[in-house]
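The values are calculated or read from the model by the stated rules, or taken from the named source; none is laboratory data. The shown structure was predicted, so the numbers you read here are calculated from the model rather than taken from an experiment. Glycine also receives a Cβ, built like all others from the backbone with ideal geometry; neighbour counts cover every protein chain displayed. Side chains are part of the model used for accessible areas, which takes the heavy atoms of the whole protein and leaves out ligands, DNA and RNA. Shrake-Rupley method; radii C 1.70, N 1.55, O 1.52, S 1.80 Å.
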Amino acid sequence: MLFVSFASFVSKALLVGIASTTAAQAEDKLRVGLMLPYTGTYAALGNAITNGFKLQVEGNGGKLGGRTVEFFTVDDESDPAKATENVNKLVKRDRVDVLVGTVHSGVAMAMAKVARETNTLMVVPNAGADELTGPLCAPNIFRSSFSNWQSSYAMGREVAARKHKTVVTLTWKYAAGQQSVDGFKEAFEKEGGKVVKELTLPFPNVEFQPFLTEIAALKPDAVFVFFAGAGAVKFVKDYAAAGLRTSIPLYASGFLTDGTLEAMGEAGQGLVTTLHYADGILNAQNQSFRLRYAKAYKVQPDVYAVQGFDAAQLLDIGLTAAGGDVTRRAELQKAMETAQIASPRGTFTLSRAHNPVQDIYLRKAEGKENKLVAVSIKALADPARGCKM
Ligand code: PHB
């Protein structure tokens, strides 16, 4: 009797022991929540970010800050209406340590609100919403990509330098489109140009025909647009098919032609854009990144892959400084704030508002590549208007 109860005590103790070790091991994993679009017009962007992020983690032995990474994934569909519910799946249900996302500015702003309220560490690997590193800036929110202002501001200067005087803009009517046009206009009008008409259509509509008819009638010197992903492919093809490529030069931030050139075919050739990445950047980081990425995924990387890769690099720097402990916030955030990120785009640092201070390149689409033409603006920092931190 005594023996039996002793044996059952031992086996129970063993079971409890095993269970708690398993729990402890599971707790030891770093829970990373990826909230990205895997369907819809930005699906390819979400996939490239995921690939870039995982490439860096795999190169690190599956770890960030010395801790094995466990991924939790949500498809946000680039739908702001579902954003709060989606981010709560990661924060409340999956209890992630870190949030990584997303592509769409409107969705990212809803994510950032939850990240602030719950003090969850968040890295934005694309969405350019100026607010994220402006009025909504926060100690726990970082960006490995750009602000909408940054890449289009550079294009405003380039178009003015080409002696174009009048421009019509066209974009989707949401934060990224509006802020890209604002950044472009700020620089273009400072140099003496005039934006004569700002045309918009709802995201992610691709019925461009009436706008192309209007542009043809307005006859501006040039057109500036913000489109990306599948919508960008459709727009560029429609612009060419309407016969406008030969009569009115088309300019854009480089999201138009990153990851889309193959699908655009002839219509994409020769497009001139500005962005914080170009395919042929000659530095050791870029060369090794491109080789590793092509080997792992059998496709060439684009700016989105770079931003995903750098989000993981940035987190690794922070977590390593904090001994892998996300709760050691002061050390973690300080390391991220002062990091020199060895990016394929060229080494960059973060601004006071946690946005990359980076070179913006002038590029030209040739074959399947956005070839580097020149550095358009060196070490451009977002003005971080409204950030109090
Ligand atoms: C954005 O919504 O901020 C956005 C989306 C796609 C891009 C760039 C910016 O390529």
Degrees between helix 175-190 axis and first principal axis of the chain (Cα, 0 to 90, nearest 10): 40 degrees
Eligible lysines near Lys63 by straight Cα distance, threshold 16 Å, same-chain separation 8 or greater: Lys29, Lys54
FRET efficiency for Arg116 and Asn205, using Cβ-Cβ distance with R0 set to 51 Å, rounded to 0.05: 0.95
Accessible area of the range 149-275 divided out per residue, in Å², using a probe of 1.4 angstrom: 37 Å²
The range 222-247 versus the range 51-97: alpha-carbon centroid distance in Å: 34 Å
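How large, in percent, is the carbon and sulfur part of the accessible surface of the chain at a probe radius of 1.4 Å?
57 percent
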5 angstrom amide H check on Thr68, placed H, neighbours 5+ away: Leu30
For the chain, alpha-carbon Rg relative to the globular expectation (2.2 N^0.38 Å, N residues): 1.08
Ellipticity estimate at 222 nm from DSSP helix runs (n ≥ 4, -39,500 (n - 2.57)) divided over the chain, nearest 500: -13500 deg cm²/dmol
Angle in degrees between helix 303-321 and the longest Cα principal axis of the chain, rounded to the nearest 10: 40 degrees
Computed lengthening from Glu337 to Leu282, 0.36 nm per intervening residue step minus Cα-Cα distance: 17.2 nm
The chain: angle of helix 229-241 to the longest principal axis, Cα-based, in degrees nearest 10: 10 degrees
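How large is the accessible surface per residue of the range 318-389, computed with a 1.4 Å probe and reported in Å² as a whole number?
Averaged over the residues of the range 318-389, the accessible area is 46 Å².
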Column: log10 I(q)/I(0), Debye, Cα scatterers of the range 47-192, q = 0.12, 0.14, 0.21 Å⁻¹: -0.57, -0.73, -1.25
Karplus-derived HN-Hα couplings along the range 88-97 (A = 6.51, B = -1.76, C = 1.60, θ = phi - 60°), whole Hz, x at Gly and Pro: 5, 4, 7, 6, 8, 6, 8, 6, 5, 7
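Place the peptides 223-233, 67-77 in order of packing, highest mean first, counting for every residue the other Cβ atoms within 10 Å and averaging per peptide. Present the calculation step by step, with values, prior to reporting the outcome.
Working: 223-233: 25.0, 67-77: 19.2.
So the peptides 223-233, 67-77, ranked by packing, come out 223-233, 67-77.
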Evaluated over the range 149-275, the Cα radius of gyration and Dmax, each in Å: 12.9, 36
For Leu36, distant residues with modelled amide H under 5 Å away: Val74, Asp76
Added length on full extension, which subtracts the Cα-Cα distance from 0.36 nm per residue, Glu266 to Ala330: 17.9 nm
For the range 369-381, Karplus couplings with θ = phi - 60° (6.51, -1.76, 1.60), whole Hz, Gly/Pro x: 10, 8, 6, 5, 9, 6, 7, 7, 9, 7, 6, 7, 9
Gain upon complete extension [Lys190, Ala379; 0.36 nm per residue less C-alpha separation]: 66.1 nm
Positive-end residue, the chain charge dipole about Cα centroid, Cβ charges, pick of Tyr361, Ser78, Ser180: Tyr361
